[in-house]
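Enquirer: Quick one: structure below, then a few questions.
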Amino acid sequence: MDQRTSKDDYYLGIADSVLNRSTCLRRKYGAIIVKADEIISTGYNGAPRGRANCSDLGFCTREHLNIPAGERYELCRSVHAEQNAIISCSRRDMLGSTLYLVGRDAKTGRVITAAPCTLCRRFILNAGVERVISRTVDGGIESLAVSDWIARDDSLPETPPAQAH
């Protein structure tokens, strides 16, 4: 009987290793993009090339201002792991691919359930990625069809504005 690690666990393990390059003081994320059973790109969260990393500065602006997770990303110095993986690859190569994503709390090292933010979902949609697979806090695996983000468009208001006549 085959006792090998599943493909999803294998790729999530690699994404978990990639996150060790992260320079964020709050959350560390690693992403890899896989197509036809081949890794075509990797990314982790950190400041744009040439700028000082939070780990070098010794502080996080969002943490200093007590900004909750998921809010005010424009104040963050980091480029997200998903974004870095996407910009390191051509769209032609990403069409139909799978993005694997793992996150950890930077202070405790504990796995956190990783989910792309609203902006990263837009990048993923435009890149042509087909699935996002992430590790959950309980050690499980979550698989999301990117097409579901089109069906449930979170960029639209719940109540559309009245049409002008």
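The values are calculated or read from the model by the stated rules, or taken from the named source; none is laboratory data. Because the structure is predicted, anything quoted here is derived from the model rather than measured. Methodologically, a virtual Cβ is constructed for each residue, glycine included, from the backbone with ideal geometry; neighbour enumeration extends over all protein chains shown. Just the protein is used for accessible areas: all its heavy atoms, side chains included, with ligands, DNA and RNA removed. Shrake-Rupley method; radii C 1.70, N 1.55, O 1.52, S 1.80 Å.
Enquirer: Does any residue in the stretch 1-21 that is farther than 13 Å from residue 31 by Cβ come within less than 6 Å, Cβ to Cβ, of a residue that is surrounded by 11 or more Cβ atoms within 10 Å (Cβ to Cβ) six or more places away or on a different chain, and which pairs are these?
Expert: 8/133; 8/141
Enquirer: Restricted to the stretch 123-150, and to residues that are assigned to a strand (DSSP E or B) and of a type in the set (Ser, Thr, Tyr), which residue is most open to solvent (accessible area, probe 1.4 Å)?
Expert: 143
Enquirer: Additional query: In this structure, is residue 88 surrounded by fewer than 16 Cβ atoms within 10 Å (Cβ to Cβ) and farther than 17 Å from residue 122 by Cα?
Expert: No; evaluated as a whole, the condition is false for this residue.
Enquirer: If you don't mind, there's one more thing I want to ask. Against the definition (more than 17 Å from residue 112 (Cβ to Cβ) and without any contact (Cβ under 8 Å) to a residue 60 or more places away in the chain), how does residue 39 come out, yes or no? Talk me through it step by step, then tell me what you get.
Expert: Details: more than 17 Å from residue 112 (Cβ to Cβ): yes; without any contact (Cβ under 8 Å) to a residue 60 or more places away in the chain: yes.
Against the criterion (more than 17 Å from residue 112 (Cβ to Cβ) and without any contact (Cβ under 8 Å) to a residue 60 or more places away in the chain), residue 39 qualifies.
Enquirer: Restricting to the stretch 53-82, what's the tally of residues that are open to solvent by 40 Å² or more (accessible area, probe 1.4 Å), assigned to a loop (DSSP other than H, G, I, E, B) and over 29 Å from residue 98 (Cβ atoms)?
Expert: Adding up the residues that qualify gives 6.
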